[in-house]
Amino acid sequence: MHPLQVAVGVVKNPEGKILISYRHAALHQGGLWEFPGGKIEPSETAEAALARELKEELNIDVVSAVPLITIRHRYPDRFVQLNVFLVEQFSEEAESCEGQPFKWVAPYELDQYEFPSANRPIIAAAKLPPYYAILDDSAPDLLLPNLQKILNRGIKLIQARLKKLSPAAVATFIEQAYPLCQRHQAVLLMNSAVDCPAAVDGIHLTSRDLMMLTERPENCRWLAASCHNLEQLQQAQNIGVDFAVLAPVLPTQTHPGATTLGWEQFADLVAQVNLPVYALGGMTEASLDRVRLRGGQGIAAIRAFLD
Ligand SMILES: Nc1nc2c([nH]c(=O)n2[C@@H]2O[C@H](COP(=O)(O)OP(=O)(O)OP(=O)(O)O)[C@@H](O)[C@H]2O)c(=O)[nH]1
Ligand SMILES: [Mg+2]
């Protein structure tokens, strides 16, 4: 059976607030909050349906929209494919054209509202930025200067991958790095290969650690995972990981000679899971459009944010 095709907009205003509206109790999945949107007509593209629905429901004119995530979800009574777009450029003030209550909320406030169950990865995608910097310890003296460089560039999501440092050096790093990240409103995750001695924002699982888990660890605000194939992506989805990094997409200096997925396989794998997925391997900041067209959340990189 083919899924019902739906176009959905994560509409973000210049202050970074996101529009949510309340689904009338009589509708499918009614009595819950949603991102605006609706069914795609047979003759329409997803983008055209998005523009039409946002105009009909909120009198918003979409100026530009980029693909954010695609979700396939089976409700007991309906199979849906939600084609979700990020809309940061639009004109006109939003107004309630169908009598539905709506609100602008900060991304972190989204957790306080009840959405249909298909929406969990959409909420993660709405909160996550387009770039994910991986800070590695190949040159331990450069850790803090490199972190500063990344933060100055405006990167809001960072993984510390400290496989060489002693436990004491890791602890010292966190003591210095975490307050710095917080001042820049950036999220800091620690790679699971190293025991994390202090509180940070979450854990980035190595693919090995991912495959050993049977459920999501408790008390973990953000949980990410490194994946290289479909089995690992599905495991990430099954244990409730918030987002994945899929690698290596293109050849990279860090892993010379490694077999790469290529763009086609990247797109094919991403389409098979309901997860925000960052592309890693041979990426530059300029690869963002290519990743988004292939269903990815954004770019993960070690060196690209340091040049
Ligand atoms: N718009 C929207 N639909 C969602 C979300 N999450 C989700 O599961 N859906 C499902 O996707 C489908 C969208 O249909 P809709 O009711 O918005 O469609 P529509 O605007 O064309 O409505 P209409 O048929 O009442 O005119 C519904 O089955 C709904 O349950 C979401 O965040 N936004
Ligand atoms: Mg609708």
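General observations
- Test: residue in the range 42-58 that is assigned to a strand (DSSP E or B) and either outside the structural domain of Arg294 (by TED's automatic domain parsing) or within 15 Å of ligand 1 (Cβ to nearest atom) (or both): no
- A residue that is surrounded by fewer than 21 Cβ atoms within 10 Å (Cβ to Cβ), under 30 Å from Arg290 (Cβ atoms), within 16 Å of ligand 2 (Cβ to nearest atom) and among the hydrophobic types (A, V, I, L, M, F, W, C) cannot be found anywhere in the range 17-27.
Residue-by-condition table, conditions (1) at pLDDT 95 or above; (2) within 16 Å of the chain's Cα centre (by Cα):
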site: Leu210; (1), (2): yes, no
site: Leu213; (1), (2): yes, no
site: Phe243; (1), (2): yes, yes
site: Leu246; (1), (2): yes, yes
site: Gln253; (1), (2): no, no
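- Screening the range 1-16 for residues that are in contact with a helix residue (DSSP H, G or I) (Cβ under 6 Å, 6 or more places away or on another chain) and within 12 Å of ligand 2 (Cβ to nearest atom) and picking the one that is nearest to Arg74 (Cα to Cα) gives Ala7.
- If the condition is being in contact (Cβ under 8 Å) with a residue 40 or more places away in the chain, within 16 Å of Ser207 (Cβ to Cβ) and in a loop (DSSP other than H, G, I, E, B), then the range 244-286 contributes Ala247, Thr254, Val273, Leu275.
- The condition of being surrounded by 14 or more Cβ atoms within 10 Å (Cβ to Cβ) and within 28 Å of Asn146 (Cβ to Cβ) does not hold for Leu233.
- Any hit, the range 20-34, residues being touching a helix residue (DSSP H, G or I) at 6+ places or on another chain (Cβ under 6 Å) and in a strand (DSSP E or B): no
- Of the residues Gln112, Gln81, Gln148, the single one that is away from ligand 1 (no atom under 15 Å from the Cβ), open to solvent by 20 Å² or more (accessible area, probe 1.4 Å), modelled with pLDDT of 95 or more and farther than 30 Å from Gln253 by Cα is Gln112.
- Subset tally (residues that are in a loop (DSSP other than H, G, I, E, B) and either closer than 19 Å to Leu269 by Cβ or of a type outside the set (Asp, Glu) (or both)) for the range 192-243: 21
The values are calculated or read from the model by the stated rules, or taken from the named source; none is laboratory data. The structure presented is a predicted model; accordingly, all values stated were derived computationally and were not measured. Note that we place each Cβ from the backbone using ideal geometry, even for glycine, and neighbour counts take in every protein chain shown. For the accessible areas, the whole protein counts, side chains as well, though only heavy atoms, and no ligand, DNA or RNA atoms are used. Shrake-Rupley method; radii C 1.70, N 1.55, O 1.52, S 1.80 Å.
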